[in-house]
Amino acid sequence: MTRKPGKRSLDFFDLQFARQIAQREFALNPFEQAIIPFLSGEVLDLGCGLGNLAQAAARNGCTVTALDASRSAIEHLARCASQERLRIEAREADLRSIAIRGQFDCVVAIGLLMFLPPPAARAALTRIQSLVRPSGLAAVNVLVEGTTYLDMFDPAGYCLFRERQLPEAFAAWAQEYLAIETFPAPGDTIKRFCTVVARRPSGRLPKRQRASRGK
Ligand SMILES: C[S@@+](CC[C@H](N)C(=O)[O-])C[C@H]1O[C@@H](n2cnc3c(N)ncnc32)[C@H](O)[C@@H]1O
């Protein structure tokens, strides 16, 4: 039998999502707020949770594919999208391996990769990069080393990234936003995050080089 993705993490989020739906608590988190102004065109939101970012992006004119392992979160998002007639396709998916075809103008993964075991997290980051069209954007947010709040993790596998791991992974891209931030968490612990928004190179040679190649 295939094990459910990070059962303890999913149970943690299912409880949190049930409480948020009951209390109608749908405010964008600070990472979503920072990233939304960068989004346009076709957006892939990996680990979308309740879909607050997906809905905000769709209201701004984006077409969004939103994936998450939490059935209750996906059902909530699909309901909201259909009520407001937003262009969102919400699907339940285990993102330990990202089986999606095509490329997108923007690929977003806020707070997802740390819930995957380290080899899967590294592979997912590479996969995210390949899902971005030339000149498109990746927006990625992860927990980094120094984080001491661990309640939401499944002991079977999680990944705290090195502080500079995301900017290093996007070294060949144009980095449009970088933030490393610490937030207090329950029980005198902390959460430390790195957020990167980076633009994939166009893949076209600069004009002068194109001209000299044509000679
Ligand atoms: C910290 S929440 C972030 C949600 C949303 N992106 C946000 O910023 O509010 C992490 C999300 O990752 C999802 N998740 C964790 N492991 C997953 C997996 N293996 N496959 C798909 N989704 C997963 C959880 O269900 C949860 O919605």
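Bear in mind that the values in this text are calculations on the coordinates, not laboratory data. Remember, it's a predicted structure, so these values are computed and weren't measured experimentally. Backbone-built Cβ (ideal geometry, glycine too); neighbour counts: all protein chains shown.
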Given 141-152, 26-37, the highest-first ranking by average Cβ count within 10 Å works out to 141-152, 26-37
With Cβ to Cβ distances under 13 Å as the rule, what net charge do the other residues near Gly136 carry (K, R +1; D, E -1)? 0
Scattering from the C-alpha atoms of the range 75-215 alone, worked out with Debye: what is log10 I(q)/I(0) at q = 0.09 1/Å? -0.36
Pairing the Cα long axis of helix 7-22 with the longest principal axis of the chain, what angle in degrees results, from 0 to 90 and rounded to the nearest 10? 80 degrees
Each label point is 7 Å from the Cα along the Cα-to-Cβ direction; what then is the distance between the points at Arg87 and Ala123, in nm? 3.3 nm
Using only helices, what value at 222 nm comes out for the chain when you add -39,500 (n - 2.57) per DSSP H run of length 4 or more and divide by the total residues, to the nearest 500 deg cm²/dmol? -9500 deg cm²/dmol
Karplus-derived 3J(HN,Hα) from phi for the range 133-144 (6.51 cos²θ - 1.76 cosθ + 1.60, θ = phi - 60°), whole Hz, x at Gly and Pro, runs 5, x, 6, x, 10, 10, 10, 10, 9, 9, 7, 10
Which three extents, in whole angstrom, do the alpha-carbon atoms of the range 58-127 cover along their principal axes, largest first? 39, 27, 19
So for the range 10-167, averaging the separation of alpha carbon pairs under 8 Å that are six or more residues apart and normalising by length, what relative contact order in percent results? 21 percent
per DSSP, antiparallel bridges as share of beta bridges in the chain, % nearest 5, sits at 45 percent
Name the long-range amide H neighbours of Gly41: under 5 Å, sequence gap of 5 or more, or other chain; modelled H, no Pro or chain starts. Thr63
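Using a Förster distance of 45 angstrom, determine the FRET efficiency expected from the C-beta separation of Gln16 and Gln103, and round it to 0.05.
Numbers: r = 32 Å, r/R0 = 0.71.
Working from the Cβ atoms, E equals 0.90.
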